Amino acid sequence: MKLTVFGATGGIGKEIVRQALDAGHEVTAVVRDPARLPLAGDRLEVFRADLTDPGALRPAVAGRDAVLSGLGARGRRDAGVAVRLTRTVLAALEAEEVRRLLVVSAAPVGPEPKGDGLVDRTVRGIVSAVLKGIYDDLREMEAAVGRSALDWTVVRPPRLQDKPITGKYRAVVDGFPPKGRFIGRADVAHAMLGMVGDPATVKQGVGVAY
């Protein structure tokens with residue numbers, strides 16, 4: 001497949017690029033600073049852009065089978081960046097008539113897991129309050145994606161970890177795995193790549209966790 005990855009220098013984005021190349025896909029990695037992407041290969045194109053102009057992004061997405069985005073705030077001070085940058089991406093995709101889009105959001109933005117106990121609900125509430133700005137940003141981002149005519153999927157992980165890929169995680173369409181508290185960034189990337197061709201995830205939010 002021909003894939004484009006936004007947020008390619010972030011933890012999840014970098015893993016998407018790495019795993020996509022390992023799987024034999026052609027990858028265009030959209031970055032602001034190419035020096036922060038320590039990957040190379042004949043099937044990798046590094047496309048430098050600041051994500052402010054949809055027109056400038058059109059060559060990066062034209063003719064692609066799917067676009068995957070790891071865009072999001074790195075901290076509370078960056079709240080607002082997810083919806084702002086994703087709107088630019090949406091405009092570029094719609095202009096080029098590229099339909100498949102997968103984006104990363106977060107577990108607290110989606111439906112509450114069924115069967116969670118008091119401890120999990122309490123922790124979820126505390127985290128949601130502390131990171132309210134970030135989650136409000138992601139809700140707006142999800143709403144913008146949902147209003148588009150694209151074949152989108154929103155992937156909602158819980159707390160992220162830096163650990164090797166395991167391939168052993170749970171995924172729930174329109175829900176979230178009960179007591180799912182962690183997942184590695186590499187496994188989020190693995191899940192997203194697996195969902196590219198899965199029609200059951202189109203126009204759906206998918207919760208992923210160990």
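For L3, what charge total do you get from the other residues with a beta carbon under 9 Å from its beta carbon, if Lys and Arg give +1 and Asp and Glu give -1? Counting the neighbours of L3, the net charge comes to 0.
Per residue, the chain reaches -11500 deg cm²/dmol at 222 nm when only DSSP H runs of four or more residues are counted, each adding -39500 (n - 2.57).
Accessible surface computed residue by residue for the chain, with neighbouring protein chains in place and a 1.4 Å probe, gives 48 Å² per residue. Placing Y169, Y135 in order of accessible area, with the largest value first and a 1.4 Å probe, yields Y169, Y135.
Relative contact order of the chain, please, whole-number percent, based on alpha carbon pairs below 8 angstrom and at least 6 residues apart. Relative contact order, the chain: 21 percent.
Residues whose amide H lies under 5 Å from that of L102, counting only those 5 or more places away or on a different chain, are V67, L68, S69, T153; hydrogens are built 1.01 Å from N in the peptide plane.
Projected label points at E97 and V202, each 7 Å from Cα along the beta carbon direction, are separated by 1.6 nanometres.
Region 132-194 and region 22-82 have Cα centres spaced 18 Å apart. Remark: relative contact order (region 1-116) = 27 percent; criterion is Cα-Cα distance under 8 angstrom and separation of 6 or more residues. Label point 7 Å out from D65 along Cα-to-Cβ: which residues of region 183-197 have amide N under 18 Å? Hits in region 183-197 for D65 at 18 Å: 189-197. Taking amide H as placed 1.01 Å from N in the peptide plane, the amide H of Q161 sits under 5 Å from that of I183, G184, R185, each at least 5 places away or on another chain.
The values are calculated or read from the model by the stated rules, or taken from the named source; none is laboratory data. Bear in mind that the values here come from a model prediction, so they are computed numbers and not experimental data. Heads up, the Cβs are rebuilt from the backbone with ideal geometry, glycines too, and the neighbour counts pull from every protein chain shown. Just the protein is used for accessible areas: all its heavy atoms, side chains included, with ligands, DNA and RNA removed. Shrake-Rupley method; radii C 1.70, N 1.55, O 1.52, S 1.80 Å.
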